[in-house]
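Only one structure is covered here, and it is reproduced in the block below.
The values are calculated or read from the model by the stated rules, or taken from the named source; none is laboratory data. Please read all numbers here as calculations on a predicted model, not as lab measurements. Methodologically, a virtual Cβ is constructed for each residue, glycine included, from the backbone with ideal geometry; neighbour enumeration extends over all protein chains shown. We work out accessible area using only protein heavy atoms, side chains counted, and drop any ligands, DNA or RNA first. Shrake-Rupley method; radii C 1.70, N 1.55, O 1.52, S 1.80 Å.
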Amino acid sequence: MSSKYKVLIVEDEKNICHLIGALLEADGYQAVPARDFANGRMLYFSHRPDLIILDLGLPDGDGMDLLREIRKDSLVPVIVLSARADESDKVEALDLGANDYVTKPFSSAELMARVRSALRTAARYSGTALSPDGTFTRDDLLIDYGARRVFIDQSEIKLTHTEFDILSYLSRCSGKVVTYSAIIKEIWGYSDSGSVKKLQVNMANMRKKLGAKPGKKNYIENELGIGYRM
Ligand code: CA
(Lines give C-alpha, C1' and ligand atoms only; values in the text may rest on other atoms or scores of the structure.)
Protein backbone atom coordinates (compact mmCIF):
# COMPACT_ATOMS: atom_id res chain seq x y z
CA MET A 1 0.00 0.00 0.00
CA SER A 2 1.48 3.33 -1.01
CA SER A 3 -0.01 5.15 1.99
CA LYS A 4 2.29 3.26 4.37
CA TYR A 5 5.14 5.18 5.95
CA LYS A 6 8.43 3.96 4.52
CA VAL A 7 11.17 3.41 7.10
CA LEU A 8 14.79 2.84 6.08
CA ILE A 9 16.77 0.71 8.55
CA VAL A 10 20.53 1.00 8.26
CA GLU A 11 21.91 -1.68 10.58
CA ASP A 12 24.65 -4.23 9.93
CA GLU A 13 23.68 -6.68 12.69
CA LYS A 14 21.44 -9.13 10.88
CA ASN A 15 19.28 -10.11 13.87
CA ILE A 16 18.65 -6.53 14.93
CA CYS A 17 17.89 -5.49 11.37
CA HIS A 18 15.36 -8.32 11.01
CA LEU A 19 13.82 -7.61 14.40
CA ILE A 20 13.28 -3.92 13.65
CA GLY A 21 11.90 -4.78 10.22
CA ALA A 22 9.40 -7.20 11.77
CA LEU A 23 8.37 -4.67 14.45
CA LEU A 24 7.79 -2.01 11.82
CA GLU A 25 5.83 -4.29 9.50
CA ALA A 26 3.67 -5.46 12.44
CA ASP A 27 2.80 -1.81 13.15
CA GLY A 28 1.85 -1.16 9.53
CA TYR A 29 5.03 0.50 8.24
CA GLN A 30 6.97 -0.51 5.16
CA ALA A 31 10.51 -1.53 6.18
CA VAL A 32 13.43 -0.97 3.81
CA PRO A 33 16.49 -2.75 5.26
CA ALA A 34 20.10 -1.86 4.45
CA ARG A 35 23.03 -3.71 5.98
CA ASP A 36 25.85 -1.25 5.33
CA PHE A 37 26.67 2.39 4.70
CA ALA A 38 26.83 2.20 0.90
CA ASN A 39 23.55 0.33 0.59
CA GLY A 40 21.86 2.63 3.12
CA ARG A 41 23.00 5.68 1.16
CA MET A 42 21.76 4.23 -2.11
CA LEU A 43 18.38 3.18 -0.69
CA TYR A 44 17.95 6.60 0.92
CA PHE A 45 18.24 8.34 -2.44
CA SER A 46 16.20 5.75 -4.36
CA HIS A 47 13.39 5.22 -1.82
CA ARG A 48 13.02 8.64 -0.18
CA PRO A 49 11.93 7.14 3.15
CA ASP A 50 9.67 8.94 5.65
CA LEU A 51 11.97 8.02 8.52
CA ILE A 52 15.43 6.52 9.00
CA ILE A 53 16.70 4.32 11.81
CA LEU A 54 20.45 4.65 11.63
CA ASP A 55 23.11 2.56 13.32
CA LEU A 56 26.37 4.45 13.85
CA GLY A 57 28.89 1.59 13.74
CA LEU A 58 28.74 0.26 10.17
CA PRO A 59 31.31 -2.03 8.52
CA ASP A 60 32.08 0.36 5.67
CA GLY A 61 31.64 3.75 7.29
CA ASP A 62 30.40 5.87 10.18
CA GLY A 63 26.64 6.42 10.44
CA MET A 64 27.45 9.98 11.56
CA ASP A 65 28.78 10.70 8.04
CA LEU A 66 25.60 9.36 6.49
CA LEU A 67 23.56 11.57 8.84
CA ARG A 68 25.63 14.57 7.71
CA GLU A 69 24.96 13.75 4.08
CA ILE A 70 21.22 13.21 4.66
CA ARG A 71 20.89 16.55 6.47
CA LYS A 72 22.39 18.39 3.50
CA ASP A 73 19.56 16.88 1.47
CA SER A 74 16.45 16.78 3.68
CA LEU A 75 14.83 17.11 7.10
CA VAL A 76 13.57 13.51 7.10
CA PRO A 77 13.42 12.31 10.74
CA VAL A 78 16.43 10.22 11.77
CA ILE A 79 16.60 8.06 14.88
CA VAL A 80 20.15 7.11 15.70
CA LEU A 81 20.55 3.60 17.03
CA SER A 82 23.83 2.97 18.68
CA ALA A 83 25.77 0.82 21.08
CA ARG A 84 27.74 3.93 22.01
CA ALA A 85 26.44 4.96 25.40
CA ASP A 86 28.80 7.90 25.44
CA GLU A 87 26.95 11.19 25.92
CA SER A 88 29.25 13.09 23.58
CA ASP A 89 28.20 10.80 20.70
CA LYS A 90 24.53 11.42 21.42
CA VAL A 91 25.09 15.15 21.61
CA GLU A 92 27.06 15.11 18.34
CA ALA A 93 24.32 13.13 16.57
CA LEU A 94 21.57 15.44 17.88
CA ASP A 95 23.53 18.55 16.94
CA LEU A 96 24.06 17.11 13.44
CA GLY A 97 20.28 16.99 13.18
CA ALA A 98 19.27 13.55 14.41
CA ASN A 99 15.76 13.69 15.88
CA ASP A 100 16.36 11.13 18.55
CA TYR A 101 18.67 8.36 19.67
CA VAL A 102 18.13 4.92 21.12
CA THR A 103 20.93 3.08 22.89
CA LYS A 104 21.40 -0.66 22.38
CA PRO A 105 20.16 -2.87 23.90
CA PHE A 106 16.77 -1.22 23.42
CA SER A 107 13.21 -2.21 24.24
CA SER A 108 10.96 -2.85 21.24
CA ALA A 109 8.14 -0.81 22.76
CA GLU A 110 10.45 2.13 23.34
CA LEU A 111 11.82 2.07 19.81
CA MET A 112 8.34 2.01 18.30
CA ALA A 113 7.24 4.87 20.57
CA ARG A 114 10.22 6.90 19.32
CA VAL A 115 9.27 6.09 15.71
CA ARG A 116 5.71 7.35 16.25
CA SER A 117 6.95 10.45 18.03
CA ALA A 118 9.48 11.31 15.29
CA LEU A 119 6.82 10.93 12.59
CA ARG A 120 4.42 13.15 14.56
CA THR A 121 7.10 15.82 14.92
CA ALA A 122 7.80 15.64 11.20
CA ALA A 123 4.11 16.10 10.46
CA ARG A 124 4.13 19.22 12.62
CA TYR A 125 7.14 20.66 10.80
CA SER A 126 5.31 20.19 7.54
CA GLY A 127 2.66 22.67 8.59
CA THR A 128 0.11 21.06 10.88
CA ALA A 129 2.18 21.92 13.96
CA LEU A 130 0.90 25.13 15.30
CA SER A 131 -2.64 26.26 15.04
CA PRO A 132 -3.24 29.17 12.65
CA ASP A 133 -3.92 31.58 15.52
CA GLY A 134 -0.33 31.12 16.77
CA THR A 135 -0.93 28.98 19.81
CA PHE A 136 0.46 25.68 21.00
CA THR A 137 -1.57 23.30 23.13
CA ARG A 138 -0.59 20.11 24.88
CA ASP A 139 -2.97 18.66 27.46
CA ASP A 140 -3.75 21.57 29.83
CA LEU A 141 -0.88 23.72 28.60
CA LEU A 142 -1.53 26.59 26.21
CA ILE A 143 1.18 28.87 24.80
CA ASP A 144 0.11 32.05 23.04
CA TYR A 145 3.18 33.02 20.99
CA GLY A 146 1.89 36.40 19.87
CA ALA A 147 0.84 37.63 23.31
CA ARG A 148 3.79 35.84 24.97
CA ARG A 149 1.47 34.33 27.58
CA VAL A 150 1.28 30.81 29.01
CA PHE A 151 -1.70 29.12 30.63
CA ILE A 152 -2.20 25.84 32.43
CA ASP A 153 -5.79 24.77 32.83
CA GLN A 154 -6.75 28.36 31.94
CA SER A 155 -4.78 30.03 34.73
CA GLU A 156 -1.90 32.16 33.61
CA ILE A 157 1.68 31.16 34.47
CA LYS A 158 4.01 34.15 34.81
CA LEU A 159 7.30 33.45 33.08
CA THR A 160 10.30 35.73 32.67
CA HIS A 161 11.27 36.87 29.19
CA THR A 162 14.03 34.25 28.96
CA GLU A 163 11.87 31.46 30.36
CA PHE A 164 9.21 32.23 27.78
CA ASP A 165 11.77 32.17 24.96
CA ILE A 166 13.09 28.79 26.07
CA LEU A 167 9.60 27.30 26.45
CA SER A 168 8.60 28.67 23.09
CA TYR A 169 11.68 27.16 21.41
CA LEU A 170 11.18 23.75 23.08
CA SER A 171 7.52 23.69 22.08
CA ARG A 172 8.44 24.36 18.46
CA CYS A 173 10.77 21.33 18.63
CA SER A 174 8.30 19.30 20.66
CA GLY A 175 8.97 15.55 20.61
CA LYS A 176 12.65 16.06 19.84
CA VAL A 177 15.56 16.10 22.29
CA VAL A 178 17.11 19.57 22.11
CA THR A 179 20.71 19.75 23.32
CA TYR A 180 21.96 22.34 25.80
CA SER A 181 24.14 23.96 23.15
CA ALA A 182 21.25 24.23 20.65
CA ILE A 183 19.06 26.00 23.25
CA ILE A 184 21.90 28.29 24.35
CA LYS A 185 22.64 29.25 20.75
CA GLU A 186 18.96 29.97 20.10
CA ILE A 187 18.33 32.00 23.28
CA TRP A 188 21.59 33.85 23.95
CA GLY A 189 23.28 33.54 20.56
CA TYR A 190 26.64 32.82 22.15
CA SER A 191 28.07 30.33 24.56
CA ASP A 192 30.50 30.81 27.44
CA SER A 193 31.59 28.71 30.41
CA GLY A 194 28.55 29.79 32.45
CA SER A 195 25.93 29.15 29.75
CA VAL A 196 24.88 25.64 30.74
CA LYS A 197 24.53 26.66 34.39
CA LYS A 198 22.48 29.71 33.35
CA LEU A 199 20.24 27.49 31.21
CA GLN A 200 19.78 24.95 34.01
CA VAL A 201 18.79 27.68 36.48
CA ASN A 202 16.23 29.08 34.04
CA MET A 203 14.92 25.60 33.32
CA ALA A 204 14.60 24.69 36.99
CA ASN A 205 12.62 27.87 37.71
CA MET A 206 10.42 27.44 34.67
CA ARG A 207 9.69 23.77 35.31
CA LYS A 208 8.73 24.60 38.89
CA LYS A 209 6.29 27.22 37.61
CA LEU A 210 4.86 24.63 35.21
CA GLY A 211 4.27 22.35 38.18
CA ALA A 212 6.98 19.78 37.43
CA LYS A 213 7.25 17.02 40.00
CA PRO A 214 9.84 14.26 40.11
CA GLY A 215 8.53 10.88 38.99
CA LYS A 216 5.42 12.43 37.49
CA LYS A 217 4.69 12.97 33.81
CA ASN A 218 5.87 16.51 33.10
CA TYR A 219 5.63 18.86 30.11
CA ILE A 220 9.41 18.95 29.76
CA GLU A 221 11.68 15.97 30.31
CA ASN A 222 15.26 16.36 31.40
CA GLU A 223 17.62 14.21 29.33
CA LEU A 224 20.48 14.15 31.80
CA GLY A 225 23.78 15.48 30.48
CA ILE A 226 22.28 16.05 27.02
CA GLY A 227 19.34 18.43 26.92
CA TYR A 228 15.57 18.68 27.21
CA ARG A 229 12.59 17.21 25.44
CA MET A 230 9.11 18.70 25.46
CA1 CA B 1 26.67 -1.84 14.04
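Quick look at the numbers
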{"item": "Backbone N within segment 145-161 under 15 Å of label point (7 Å from Asn205 Cα along the Cβ vector)", "result": "158-161"}
{"item": "Solvent accessible area, Å² - Ser193, 1.4 Å probe, full protein context", "result": "130"}
{"item": "The chain: angle of helix 161-172 to the longest principal axis, Cα-based, in degrees nearest 10", "result": "30"}
{"item": "Extended-chain gain in nm, criterion 0.36 nm per residue less alpha-carbon gap, Asp62 and Glu186", "result": "41.8 nm"}
{"item": "Farthest toward positive dipole pole in the chain [+1 Lys/Arg, -1 Asp/Glu at C-beta], among Ala26, Met64, Ser174", "result": "Ser174"}
{"item": "Vicinal HN-Hα couplings computed from phi for segment 51-62 (Karplus, 6.51 cos²θ - 1.76 cosθ + 1.60; Hz; Gly/Pro x)", "result": "7, 10, 9, 10, 6, 8, x, 10, x, 10, x, 9"}
{"item": "Antiparallel content of DSSP bridges confined to the chain, in %, to 5", "result": "55"}
{"item": "Amide H contacts of Gly175 (H built 1.01 Å from N, under 5 Å, at least 5 apart or other chain)", "result": "Met230"}
{"item": "Cross-link table Lys176/Lys208; Lys104/Lys216; Lys4/Lys216, entries beyond 23 Å C-alpha to C-alpha", "result": "Lys104/Lys216; Lys4/Lys216"}
{"item": "Whole-number D in µm²/s for segment 1-110 (Stokes-Einstein; Kirkwood sum over Cα pairs; 4 °C, 1.567 mPa s)", "result": "94"}
{"item": "In sequence order, calculated HN-Hα J values of segment 92-105 (Karplus, 6.51, -1.76, 1.60; Hz; x Gly/Pro)", "result": "4, 4, 5, 5, 6, x, 5, 7, 6, 9, 10, 8, 6, x"}
{"item": "Heavy-atom accessible area per residue - the chain, 1.4 Å, Å²", "result": "50"}
{"item": "Thr137 accessible area, assembled protein chains, probe 1.4 Å, Å²", "result": "90"}
{"item": "Where labels lie 7 Å past Cα in the beta-carbon direction, separation of Ala85 and Asp27 in nm", "result": "2.4"}
{"item": "Cβ-based net charge around Gly21, under 14 Å, with every Lys or Arg adding one and every Asp or Glu removing one", "result": "-2"}
{"item": "Within the accessible area of the chain (1.4 Å probe), percent carbon and sulfur", "result": "52"}
{"item": "Global form of the chain, assessed from the alpha-carbon gyration tensor, a/c cut-off 1.5", "result": "prolate"}
{"item": "Most fluctuating residue given options Asp140, Asp50, Asp89, as computed from a GNM of the chain linking Cα atoms under 10 Å", "result": "Asp140"}
{"item": "Mean separation of Cα contacts under 8 Å (6+ apart) over length of the chain, as relative contact order %", "result": "13"}
{"item": "Residue with peak Gaussian network fluctuation, the chain [Cα springs, cutoff 10 Å], from Val102, Val201, Val150", "result": "Val201"}
{"item": "The chain: calculated mean residue ellipticity at 222 nm from DSSP helix runs of at least 4, using -39500 (n - 2.57)", "result": "-13000 deg cm²/dmol"}
{"item": "In Å², nearest 10: area of Glu221 left accessible to a 1.4 Å probe", "result": "80"}
{"item": "Efficiency of FRET from Cβ geometry, Ser193 and Glu69, R₀ 30 Å, rounded to 0.05", "result": "0.35"}
{"item": "For segment 30-185, size of Cβ-based charge dipole, Lys and Arg +1, Asp and Glu -1, in debye", "result": "300"}
{"item": "Virtual spin-label span in nm between Glu156 and Asp36, 7 Å along Cα→Cβ", "result": "6.3"}
{"item": "log10 of Debye I(q)/I(0), alpha-carbon scatterers only, for segment 98-230 at 0.17, 0.19, 0.22 Å⁻¹", "result": "-1.01, -1.24, -1.53"}
